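Notes follow the structure.
Rule-based calculations on the coordinates, nothing more; no lab input. This structure is a prediction, so every number in the text was calculated from the model and none was measured. No Cβ is skipped: glycine too gets one built from the backbone with ideal geometry, and neighbour counts run over all protein chains shown.
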Amino acid sequence: MAVEATTTLNTTPFVLRGLPEALERSDATLLTDAGRTEDLVQYTVLGKVAATGKYVPLTSVTATDGSSMPAAIYLGSDIAAADISAGDVTGLHILEGDALCDEGKLVLENSLTLATTWASSDATTVYDTMTIRDLFKRIGIRFNDVDYIERA
């Protein structure tokens, strides 16, 4: 009996359309997380800790250190949880803005979605009713053709 192996290849790129000034960089730092048990996978949404400028996976919309707002998307290869718990990871390749991306490949941790409402700890903050998708739009990252058309 013959066994046939099949592979479905998705050749659609994550960045569907990047503006010439797309904000990609390869010098960001991922903050140590001694309790992390899962690898950081490609296209994970990152928040940025205000005090250090270091990135962390976006896992909460209620954090008060600045990391509750989407700031970038990780574009590099998967990083083992052991490496993240051992110390800061440098040379992170990230996208910070000005691009149209494939929503289907985006990775949000801790059951968050693009429709999750951001929770401000300050009742006067203008972001109180914004979703994660809305916050991405503020930094120039949009998802799929529907969002791109909506921009016009």
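Annotations
- Put a dot 7 Å past the Cα of ASN110, heading toward its Cβ, do the same for ALA82, and the two dots end up 2.6 nm apart.
- Ranking of VAL15, VAL107 by count of other Cβ atoms within 10 Å, fewest first: VAL107, VAL15
- Peptides ranked, highest mean first, by Cβ atoms within 10 Å: ranges 34-46, 65-77: 65-77, 34-46
- Computed from the C-beta positions of LYS137 and ASP27, the FRET efficiency with R₀ = 22 Å rounds to 0.30.
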